[in-house]
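Asker: Before we start, here is the structure in question, set down as structure tokens.
The values are calculated or read from the model by the stated rules, or taken from the named source; none is laboratory data. Just so you know, these numbers come straight off a predicted model, no measurement behind them. Backbone-built Cβ (ideal geometry, glycine too); neighbour counts: all protein chains shown. Note: accessible area is taken over every heavy atom of the protein model, side chains too, but ligands, DNA and RNA are not part of it. Shrake-Rupley method; radii C 1.70, N 1.55, O 1.52, S 1.80 Å.
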Amino acid sequence: LQLLWLIYGDCYAADREILSTIQHSNLQIPTASLKSSTQIIHDSHDVDTRSQQFTDYIIHYLKNNLSDISHTALVISPTKHIIKQIHEHLSLHIKEQGITLLSQDISGSKGKIVQLLETNESPTILVCTNHFLLKFQPELANLEKAILTKLPIGLPAHKIYRILEKEDDNSFGNLVIPQTAATIRHILDLLQNKYNQKKLINLDNRTINT
């Protein structure tokens, strides 16, 4: 944990306190405590996030709320499985609206997608993972909507985290929770500072705004 302190600094302790109420079966993230002027707007529903119905709900929500954009929209999905399903079910509908849909690992290489975002003049929706967004910080001119489909729960794919996870009897509370908080904070900061977007719509009903 000393190494994590070096990685996160005092943010690590702060995030542990912020997310101390998270339960493994019912995550409760007090997002009002995440320090950013970008607000998290929670979409209210009772669909089980572990079910296929939740993926269907995401697709239905996106279809109803992104068909009229005039500039750009961002859809953040922690899993490529959901990105694939979003693309399969929305690509034709979005194209009919005169909107370009760019989906990570489907619409081309990461470099090509970044380049297309810089040159494309038509309304565009980017569907990507939080890792892609934070690493490449692509150009999203006049970002109208930012949507988080599901909480980015997990640890970075680095062997030091696997070692720490094995050595910690409460790795979910001591490692996963702080990392989730840090990822959400980084997303909010990027939306605010680079894209001047003040709202992040969250479709994961496991978060409770306190």
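Asker: When you scan segment 164-182, do you find a residue that is closer than 27 Å to residue 88 by Cβ and acidic (Asp, Glu), even just one?
Answerer: Taking every residue of segment 164-182 in turn, none turns out to be closer than 27 Å to residue 88 by Cβ and acidic (Asp, Glu).
Asker: Working only within segment 64-104, note down all residues that are assigned to a loop (DSSP other than H, G, I, E, B) and either touching a helix residue (DSSP H, G or I) at 6+ places or on another chain (Cβ under 6 Å) or crowded, with 18+ Cβ neighbours inside 10 Å (or both).
Answerer: 66, 69, 77, 78, 99, 104
Asker: Residues of segment 104-151 being closer than 27 Å to residue 205 by Cβ and among the hydroxyl-bearing types (Ser, Thr, Tyr), which ones?
Answerer: Of everything in segment 104-151, those that are closer than 27 Å to residue 205 by Cβ and among the hydroxyl-bearing types (Ser, Thr, Tyr) turn out to be 129, 149.
For every residue, the table says whether it meets (1) without any contact (Cβ under 8 Å) to a residue 12 or more places away in the chain; (2) open to solvent by 40 Å² or more (accessible area, probe 1.4 Å); (3) under 19 Å from residue 62 (Cβ atoms); (4) not in a loop (DSSP other than H, G, I, E, B).
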| site | (1), (2), (3), (4) |
| --- | --- |
| 111 | yes, yes, no, yes |
| 114 | no, no, no, yes |
| 154 | no, no, no, no |
| 174 | no, no, no, yes |
| 177 | no, no, no, yes |
| 180 | no, no, no, yes |
| 185 | no, no, no, yes |
